[in-house]
Amino acid sequence: MIINHPLLGPRDSAEFTYMGDAKLIDRPDWQSDTAARDFYEYGYLRDNPAGWHNELWFHEQGDRSWLVVTRNTVTHEISKVELARDVARARGRSK
Amino acid sequence: MRYSGFQVIKQALTGHKGWTPAWRDPDPQPHYDIVIIGGGGHGLATAYYLAKEFGQKRIAVLEKGWIGGGNVGRNTTIIRSNYLLDGNEPFYEFSLKLWEGLEQDFNYNAMISQRGILNLIHSDAQRDAFIRRGNAMILNGADAEMLTTEQIKARYPYLNTNDARFPIKGGLAQHRGGTVRHDAVAWGYARGADSRGVDIIQNCEVTGFKQENGRVVGVETSRGYIGAGKVGCAVAGSSSRLMSKIDMQLPMESHVLQAFVSEGLKPVMPGVVTFGAGHFYCSQSDKGGLVFGGDLDGYNSYAQRGNLPVVEDVCEGGMAIFPAFGRARLLRMWGGIMDMSMDGSPIIDRTHIDGLYFNGGWCYGGFKATPASGFCFAHLLARDEPHPTATAYRFNRFETGHMIDEKGMGNQPNLH
Ligand SMILES: Cc1cc2nc3c(=O)[nH]c(=O)nc-3n(C[C@H](O)[C@H](O)[C@H](O)COP(=O)(O)OP(=O)(O)OC[C@H]3O[C@@H](n4cnc5c(N)ncnc54)[C@H](O)[C@@H]3O)c2cc1C
């Protein structure tokens, strides 16, 4: 599988470490009344779809950036690759 | 028809014209007491024990393809009960004991071969860990023996014990472990269930659930609606896909695991051997092929095929301990979709919806669990309470903090 890194161009997926669903960017608020339940869902429950999936890949053997890759789990086709930083900022995190 | 040596001779003398199909091919009825979704090893075993041990009637197994086409027919067939944790070991030992009597029980030759499994040790710390694990096994009534390098060399003289990076310092053996003819497990359970009245309905994909007053009352399928008193889901790698139809998120990711078979060789591997420093394990099939495998590909996948980096990684692991095998040619390789849970252990539990029960999260170790999984799921479905060996396999353990994490990896399914 080739991941088209936004900064480095096409890279072999073997250079990356996989972290799973990109929902991990949306860390729940620990002060919320429902924090215990929210963290359980955040830590343990996954959609795990057959089809398009937003997921976190870490370029461990490269520039060590985190990417959000939109990939089809049935065909392995990749439709979009973004820097996780940009995705998180666009959602109002890490200002 | 009961299978026996006498039948084989009788049929041989009469031109093999008297054999009948091993199971019927019925059309679905409008309603069953219990519907099992998934005709893999676990679903078929569940139906078999429901009918045989728990006296249940009017049972159907719904399979979207053909029975045995999923992981039960794709795995590397290793059975063992060498677990450390209390939540697991009694269950897997129960399973191994069921394996030991299975062929007589369901009157089918599953080629169960207790040729032993050996986990190699490469460091002092690993020896300590394996001694502890062996003790846990013995405490739970299983067998375990620590072997020295000399004892191992007597069985596997061609093992590379002096590798500079990963010297072999001994091993943990379970002599009652071994291999089984995997398809025969599906066929044996199917035949045993069918002969007790279970309808095995193939080419019947479940596409949705019907609820009334918070209770599941039936399933929508590619062959029409089928009503059910209770529904048990046992679809392994497709678990999240199926449960999403009733808006349930599972503590699970689906990953592909590959398996490899070499050309046929003369007998060279007496048992199963696992590499302790990388991920590689190997046995030899009765046809002579070396059957081996290793790590998951590592990213969510519903494609029943793997990619090349893992092929290289697995073969490197093999070469580290069995350099001689580098001369063997690879004949076949394939992949299966694993229901990797968040702690590496399975779930056999009720769901929050009345009448709906779940069995899954088997990761890459569910084949050995097949008999106990079927028995315990049948117990739960019939009596509405967990079997004593499966009390820890609950959904809520992730919420209450009672994870059963053999490897201590945390909620990272691709590392279990
Ligand atoms: C390469 C590989 C090697 C393995 N090696 C080992 C090993 O050495 N030892 C070990 O213990 N385990 C091993 N495993 C794991 C083991 O095979 C599985 O954990 C186990 O087989 C899963 O249970 P099952 O047999 O019920 O699954 P399956 O056989 O996959 O059964 C699930 C069935 O559900 C059906 N299904 C799915 N969705 C639907 C639907 N909507 N409607 C109707 N039917 C549906 C599928 O078609 C399938 O037939 C290995 C797995 C793989 C892939």
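Tabulated values for the structure
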quantity	calculated
Count of residues meeting criterion [under 27 Å from B:N307 (Cβ atoms), in a helix (DSSP H, G or I) and of a type in the set (D, E)] in the stretch A:3-48	1
Looking only at the stretch B:248-267, and only at residues there that are within 14 Å of another protein chain (Cβ to nearest Cβ) and assigned to a loop (DSSP other than H, G, I, E, B), the one that is nearest to the ligand (Cβ to nearest atom)	B:M248
Candidate set from the stretch B:254-274 (those that are open to solvent by 20 Å² or more (accessible area, probe 1.4 Å) and of a type outside the set (D, E)); member that is nearest to A:F58 (Cα to Cα)	B:L257
B:T149 vs. criteria in contact with a Ser or Thr (Cβ under 6 Å, 6 or more places away or on another chain) and within 30 Å of B:D86 (Cβ to Cβ)	no
Subset of the stretch A:48-70 (residues that are open to solvent by less than 10 Å² (accessible area, probe 1.4 Å) and over 25 Å from B:R241 (Cα atoms))	A:H59, A:L67
Hits in the stretch A:76-94 - residues which are over 12 Å from the mean Cα position of the chain (by Cα) and either modelled with pLDDT of 95 or more or surrounded by 14 or more Cβ atoms within 10 Å (Cβ to Cβ) (or both)	A:H76, A:E77, A:I78, A:S79
Some residue of the stretch B:234-247 being modelled with pLDDT of 95 or more, away from chain A (no Cβ under 14 Å) and buried (at least 24 other Cβ atoms within 10 Å of the Cβ)	yes
Residue check, B:N359 within 15 Å of the ligand (Cβ to nearest atom) and either within 14 Å of chain A (Cβ to nearest Cβ) or in contact (Cβ under 8 Å) with a residue 40 or more places away in the chain (or both)	yes
Output for the stretch B:223-242, where each listed residue is closer than 18 Å to B:G70 by Cα and outside any strand (DSSP E or B)	B:A234, B:V235, B:A236, B:G237, B:S238, B:S239, B:S240, B:R241, B:L242
Among (1) more than 8 Å from chain B (Cβ to nearest Cβ); (2) under 13 Å from the mean Cα position of the chain (by Cα) - the single one A:R11 does not satisfy	(2)
Some residue of the stretch B:7-21 being of a type outside the set (D, E), within 18 Å of B:V185 (Cα to Cα) and touching a residue at least 40 places away in the same chain (Cβ under 8 Å)	no
Test: residue in the stretch A:25-47 that is surrounded by 16 or more Cβ atoms within 10 Å (Cβ to Cβ), touching a residue at least 60 places away in the same chain (Cβ under 8 Å) and more than 24 Å from B:M342 (Cα to Cα)	no
Residue in the stretch B:362-374 that is open to solvent by 10 Å² or more (accessible area, probe 1.4 Å), assigned to a loop (DSSP other than H, G, I, E, B) and free of Cβ contacts under 8 Å to residues at least 24 places away in the same chain present	no
Failed item in (1) assigned by TED's automatic domain parsing to the domain that holds B:A51; (2) among the small types (G, A, S); (3) open to solvent by 10 Å² or more (accessible area, probe 1.4 Å), with B:G326 passing the rest	(1)
Given (1) assigned to a loop (DSSP other than H, G, I, E, B); (2) within 13 Å of A:P6 (Cα to Cα), number of the condition A:Q61 does not satisfy	(2)
Scan of the stretch B:262-280 for residues that are within 21 Å of B:S301 (Cβ to Cβ) and at pLDDT 95 or above, ordered by number	B:F280
Enumeration of residues in the stretch B:304-323 that are assigned to a loop (DSSP other than H, G, I, E, B), buried (at least 18 other Cβ atoms within 10 Å of the Cβ) and free of Cβ contacts under 8 Å to residues at least 60 places away in the same chain	B:G306, B:N307
Leading residue by the ranking (nearest to the other protein chains (Cβ to nearest Cβ)) among those in the stretch A:25-70 that are under 16 Å from the mean Cα position of the chain (by Cα) and basic (K, R)	A:R46
Which numbered condition B:A186 misses (of (1) outside any helix (DSSP H, G or I); (2) at pLDDT 95 or above)	(1)
Unique residue being out of contact with any Lys or Arg (no Cβ under 9 Å at 6 or more places or on another chain), within 14 Å of chain B (Cβ to nearest Cβ) and open to solvent by 30 Å² or more (accessible area, probe 1.4 Å) when the list is A:T73, A:T17	A:T17
Helices (runs of 4 or more DSSP H) lying entirely in the stretch B:1-117 (those with 3 or more residues that are surrounded by 22 or more Cβ atoms within 10 Å (Cβ to Cβ) and within 15 Å of the ligand (Cβ to nearest atom))	B:41-52, B:89-106
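The values are calculated or read from the model by the stated rules, or taken from the named source; none is laboratory data. Keep in mind that what you see is a predicted model, and the values were worked out from it rather than measured. Cβ sites come from the backbone with ideal geometry, for glycine too, and all protein chains shown count toward neighbours. The accessibility values were calculated without ligands, DNA or RNA, using every heavy atom of the protein model including side chains. Shrake-Rupley method; radii C 1.70, N 1.55, O 1.52, S 1.80 Å.
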